[in-house]
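No value in this document is a laboratory result; all are computed from the given coordinates. Given the structure is predicted, the values throughout are model-derived calculations rather than measurements. Cβ atoms come from the backbone with ideal geometry, glycine included; neighbour counts cover every protein chain shown.
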Amino acid sequence: MPSTNIHAPAPKSKGGLARIFRASKHSWQGLVAAAKYEQAFRQELMVVIPLSIGAWFIPVPPLQRALLFSVLQIILIAELLNSAIEANTDHISLEIHPLAKRAKDMGSAAVMLSIILSAAVWGAVLWQWYAPAQ
């Protein structure tokens, strides 16, 4: 007899192409939600998109070009995770709580570190190629 527990988790999908398509749909919905509801994500997109495109036109070796592109994507990944932490924390309770503040501050710190990392990598690559010769 099937379980009547309404709190029992739904069975996980077994995989296959249908699962990949569903996962892709959910991922796309997450990106759309971030762009729609998260001001910080939109601001970061306004910087990341032009720099990502520009990275393809900077005359550097392919590995460095990939590095320039990748560190920018890390900013967006960190912001998505930070936004997820904030949304989930607010969903649980809007009450001010030290653990909720800690979780949100840590997510924010991850975004800040990703931006510092990106700036350092871009600075190092551009300095290597465009700094005046000594």
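FRET efficiency for the pair Ala124 and Trp56, taken as 1/(1 + (r/R0)^6) with r the Cβ-Cβ distance and R0 = 25 Å, rounds to 0.85. Mind running the shape call on the stretch 25-133? Use the C-alpha gyration tensor, a ≥ b ≥ c as the square roots of the eigenvalues: rounded below 1.5 for a/c, prolate if a/b tops b/c, oblate otherwise. Because a/c hits 1.5 or more and a/b exceeds b/c, the stretch 25-133 counts as prolate. Residues considered: Leu94, Leu31, Leu68. Largest GNM mean-square fluctuation over the chain, using C-alpha springs under 10 Å, is found at Leu94.
Using a Gaussian network model on the chain with a 10 Å cutoff between Cα atoms, which of Ala55, Ala124, Ala34 fluctuates the most? Most flexible of the set in this elastic network: Ala124. Between the Cα long axis of helix 62-92 and the first principal axis of the chain there is an angle of about 30°, rounded to the nearest 10.
When exposed loop sites are taken as chymotrypsin sites (Phe, Trp or Tyr not before Pro) in a DSSP loop with at most 10 other Cβ atoms within 10 Å, the longest stretch of the chain clear of them is 58-134.
Using a Gaussian network model of the chain in which every pair of alpha carbons under 10 angstrom is joined by a spring, one finds that among Leu81, Leu17, Leu99 the greatest mean-square fluctuation is at Leu17.
Helix 98-130 and the longest principal axis of the C-alpha atoms of the chain enclose an angle of approximately 30°.
Pairs of Lys residues in the chain, spaced 8 or more positions apart or belonging to different chains, with C-alpha separations under 28 angstrom: 6 in total.
Restricting the stretch 59-95 to GluC sites (Glu not before Pro) that sit in a DSSP loop and have at most 14 other Cβ atoms within 10 Å of their own Cβ leaves Glu95.
Extension gain for the segment Leu31 to Ala109, taken as residue separation times 0.36 nm less the Cα-Cα distance, is 26.0 nm to one decimal.
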